[in-house]
1. Report the full-extension gain for the segment Asp260 to Glu296: residue separation times 0.36 nm, less the Cα-Cα distance, to one decimal in nm.
2. Suppose the chain between Ile286 and Lys37 were pulled fully straight at 0.36 nm per residue; how much longer would it get relative to their current alpha carbon spacing?
3. With N set to the residue count of segment 306-379, report its C-alpha Rg divided by 2.2 N^0.38 Å to two decimal places.
4. As a test of reading the structure, rank Tyr232, Tyr161, Tyr361 by solvent-accessible area (1.4 Å probe, protein chains only), most first.
5. Compute the relative contact order of segment 273-340 as a whole-number percentage, counting only Cα pairs closer than 8 Å that sit 6 or more residues apart in sequence.
6. What FRET efficiency comes out for Val202 versus Ala174 if R0 is 41 angstrom and r is the Cβ-Cβ distance? Round to the nearest 0.05.
7. Using a basic spin-label model with each label point 7 Å from the Cα along Cα→Cβ, how many nm lie between Tyr361 and Arg326?
8. Where does segment 217-372 land on Rg(C-alpha)/(2.2 N^0.38 Å)?
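The values are calculated or read from the model by the stated rules, or taken from the named source; none is laboratory data. Everything numeric in this text was worked out from a predicted model, so none of it was measured. All Cβ positions, glycine included, derive from the backbone under ideal geometry; neighbour counts span all protein chains shown. Surface areas here come from the heavy atoms of the whole protein model, side chains and all, with no ligands, DNA or RNA. Shrake-Rupley method; radii C 1.70, N 1.55, O 1.52, S 1.80 Å.
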Amino acid sequence: MNSACPLFCCVLALTFFVRTGQGQTTAQSPTIPSKSKIEGLLLSNDPKSIAWGAHYAVLAGDQSLLPDLLSVAAKWQLTSESSGEDDSSARLTAAQLDERDSTAAILDDLIVMDASVPVTTLRSLAKDFPNFVAILLSRLPLEESQPLSLELYRSDIKNGYSLQYVSAALLAQAPPSGFVADLLSSIHVRARIFVTKPGVEVKQHLRGGSLGCVDVPHDQWPSFGIYTLSQYRIADALIVPLGGHPVYAVRSETIHYRNDACEMTGVPLVLGPEQKLGFLAQMLGIEPDRFGWKIEIQQNIEFNSDQQFFDAVHSFVALQQQQYKRTAAALFAKNLMTTSEQEKSLPQLDMYIEDQRGSDYTPIEKPSFLPSNVMWSLQSWNE
């Protein structure tokens, strides 16, 4: 039983009696039907009835209903296969969207009731319910979850950032062969190199965007819980234990599962370069700042001549490579990488050259001395 469940379940018990979702009030449930009635709802072929069955099952808190809940969750594979490779809601029919909503309600129950869900079921659910699966996956023994965690870490699931992070965190506790080398070599270091005329200050160019979200009505459906995962401690959140990197799951109620950015609140949980570096530090038993290299680098180079500029670039790249090789050697010394992996697995250095010298200068050409793990991108700013 999860140690956070008593507090978490008390909060849920209070919130279940005020059912709201995306600005729309749904029907209240003053009484709980009999167990046989709940079972009938869960085992029906009607998604709305199943959702109401899930609603009553979690209110009843009857652990004997778990087999029925697990049975419904296991059926999702058929719907997932029929929706094709693209899991966009635009590709799903109204009936499939309803089935997805009822399955989300079932998964919410399984989380609240602290259930153990088989790996085969989680595998079929992962593409469409990444945050639910992330929480449920963390509850399995490492030896049981590791093969699926490795699959999900390497997968590219739409809106599955949290699931990929949780999978990596689980793998970092008992690293399988090849994982550490893959983790190190998948880190992208972003280096912004500003090239200016002597004595001229760098100009910063900022870009931004916005996301529009529209509420989706769903009449006469009960609300159910969806989950946002975060690295940051949040009061009353469900704790997802992941060794030295716990995650906090915040539950909110809805009447329609979207599985998109509109359901994310706060800072999203992602497996970015900093997080990968943190897992490597965990496996080495050190703090991330001990590596000596950074994920984000900004370098200013005043251009006096081609030779002077390329010498500066060469020195910069050589220093970064030396630091990456030192990290790979430390991982090898801990038996976390093989000799071959140590030689081949280095972070990717993405160099963005922002040429601010003006149009009267000859464009800078890509140097021939760059190693294979270095990307070169040139952008000129002439304003």
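1. Values: separation 36, 0.36 × 36 = 12.96 nm, distance 2.76 nm.
Gain on extension, Asp260 to Glu296, equals 10.2 nm.
2. On the way: separation 249, 0.36 × 249 = 89.64 nm, distance 5.53 nm.
Result: 84.1 nm gained on full extension.
3. Values: Rg = 15.7 Å, N = 74, 2.2 N^0.38 = 11.3 Å.
Normalised Rg, Cα atoms only: 1.39.
4. Working: Tyr232 135, Tyr161 110, Tyr361 75 Å².
From most accessible down to least: Tyr232, Tyr161, Tyr361.
5. Details: 25 pairs, mean separation 19.4, N = 68.
Once normalised by length, the contact order is 28 percent.
6. Values: r = 46 Å, r/R0 = 1.11.
For Val202 and Ala174, the calculated efficiency is 0.35.
7. 3.1
8. Details: Rg = 22.8 Å, N = 156, 2.2 N^0.38 = 15.0 Å.
So the Cα radius of gyration is 1.52 times the expected 2.2 N^0.38 Å.
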